[in-house]
Amino acid sequence: MVILSLRELTIMTDYFLVASAETTIQVRAIAEGIIEALEKQGVNYLRREGWEDARWVLIDYGDLVVHVFIRADREYYDLERLWGDAARLSVDEVKAMAEV
């Protein structure tokens, strides 16, 4: 899992969370887990794409866009290279920022 800070690069969103799995069942399970965890905190997504095929599920929260890929598709689209100028953050860094 990688968290990219896009705050200095675009107005489209502040962060990308990029994750991958081996199967479409795992992709959906990861996406569902993220949705459920954030809903428990009162955060609902704005839109969700790719659910049917589950090769690349995108969940848009406005300031955060979650991408959950099949591993091969993640390597093909290579968002980390595409957004190579973005700072990479650890989960601990993001948690600390959220607590402020």
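Just so you know, all these numbers are worked out from the coordinates, no wet-lab data involved. Just so you know, these numbers come straight off a predicted model, no measurement behind them. Note that each Cβ is placed from the backbone with ideal geometry, even for glycine, and that neighbours are counted across all protein chains shown.
Using alpha carbons only, how many angstrom separate the centre of region 37-100 from the centre of region 1-32?
Each part reduced to its Cα centre gives a spacing of 2 Å.
If you filter the chain for trypsin sites (Lys or Arg not before Pro), then keep DSSP loop positions with at most 13 other Cβ within 10 Å, what is left?
Values: sites: Arg7, Arg28, Lys40, Arg47, Arg48, Arg55, Arg71, Arg74, Arg81, Arg88, Lys95; in loops: Arg7, Arg55.
Filter output for the chain: Arg7.
What's the FRET efficiency of Glu75 with Arg7 using the Cβ-Cβ distance as r and R₀ = 35 Å, to the nearest 0.05? Kindly include the intermediate steps, with their values, before the conclusion.
Working: r = 26 Å, r/R0 = 0.73.
My answer for the efficiency is 0.85.
Can you give the extra length, in nm with one decimal, that the chain gains between Glu49 and Thr24 once fully stretched, where that is 0.36 nm per residue apart less the Cα-Cα distance?
Details: separation 25, 0.36 × 25 = 9.00 nm, distance 1.39 nm.
Gain in length upon complete extension: 7.6 nm.
In Å and on Cα atoms, what radius of gyration and Dmax does region 2-90 show?
Spelled out, the Cα radius of gyration and Dmax of region 2-90 are 12.6, 34 Å.
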